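Everything on this sheet refers to the single structure shown next.
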Amino acid sequence: MSVAAPDACAVPDSPASDCPICPRLSAFRQANQEKFPSFHNAPVRSFGPLDARLLIVGLAPGLKGANQTGRPFTGDYAGDLLYATLKKYGFASGNYDKRPDDGLDLQDCRITNAVRCVPPENKPATQEIKECLTFLTSELTTLPNLKVLVALGGIAHGAALSALGLRKSHCKFAHQAVHELPNGLLLVDSYHCSRYNTNTGRLTEEMFEAVFKTVRSRIDAGG
Ligand code: SF4
């Protein structure tokens, strides 16, 4: 299979701020709007330049992370580890201070989520993952220089494959695995950088850095 030829001028489709496609998530957003009126409480748009060679696919906004601040991985623990690691491997610069206006920049890197709205208990339903694929597909087909995808967790791995028109069984998720996809993209897997995974020891800082060391070397080598 192949992904449609990217248009260098195109901007990926993003959901409307009141996207109604997933009723449960839409209702959760509205409930959070009443509970936390200062929060973003809307689908979270991707972050990073459109000419990036690297796209990181997370799971979904955290309630008090991206759902609060409106920028992926910004405001909760997952962002502390992700942005420190991206800075270490030259994919980010500036100051990360858990705010969308903290001056942090991404270089050659863009970040999105498989599901754009915060799900209750961080658990999107299968149908919600399926519905939001339209926006992930748009990202994948309109980033003109895309070479490497990093999937943070098994759900992101499956969503990335589905968005590319591949079966989820095409390749199995495994931490630090590098999958060469039929369209020439590389899919690199990592356990999600959540506090739960680091607290339980499933993911250490060293394990996470090893993923981005691989990504850096593959991108420097031309993918
Ligand atoms: S998860 Fe995606 S498809 Fe569902 S309501 Fe949010 S933006 Fe729309």
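The values are calculated or read from the model by the stated rules, or taken from the named source; none is laboratory data. Here the structure is a predicted model, which means the values were calculated and not measured. Please note: Cβ atoms are built from the backbone with ideal geometry, for glycine as well, and neighbour counts cover all protein chains shown.
Somewhere in region 77-86, is a residue assigned to a loop (DSSP other than H, G, I, E, B) and either at pLDDT 95 or above or under 16 Å from S190 (Cα atoms) (or both)?
No, region 77-86 contains no residue that is assigned to a loop (DSSP other than H, G, I, E, B) and either at pLDDT 95 or above or under 16 Å from S190 (Cα atoms) (or both).
Got at least one residue in region 123-139 being surrounded by fewer than 16 Cβ atoms within 10 Å (Cβ to Cβ), charged (D, E, K, R) and either in contact with a Pro (Cβ under 6 Å, 6 or more places away or on another chain) or within 19 Å of F73 (Cβ to Cβ) (or both)?
yes
Scan region 37-64 residue by residue and report those that are within 16 Å of the ligand (Cβ to nearest atom) and in a strand (DSSP E or B).
F47, V57, G58
Which numbered condition in (1) surrounded by 17 or more Cβ atoms within 10 Å (Cβ to Cβ); (2) under 26 Å from K130 (Cβ atoms); (3) free of Cβ contacts under 8 Å to residues at least 40 places away in the same chain is the only one that M207 fails?
(2)
How do the strands (runs of 3 or more DSSP E) wholly within region 145-223 filter down when requiring 1 or more residues that are over 14 Å from the mean Cα position of the chain (by Cα) and among the aliphatic types (A, V, I, L, M): which remain?
Values: elements: 148-152, 178-180, 186-190.
Answer list for region 145-223: 178-180, 186-190.
Within region 78-132, which residues are within 16 Å of the ligand (Cβ to nearest atom), in contact (Cβ under 8 Å) with a residue 60 or more places away in the chain and basic (K, R)?
Hit for region 78-132 is R116, nothing else.
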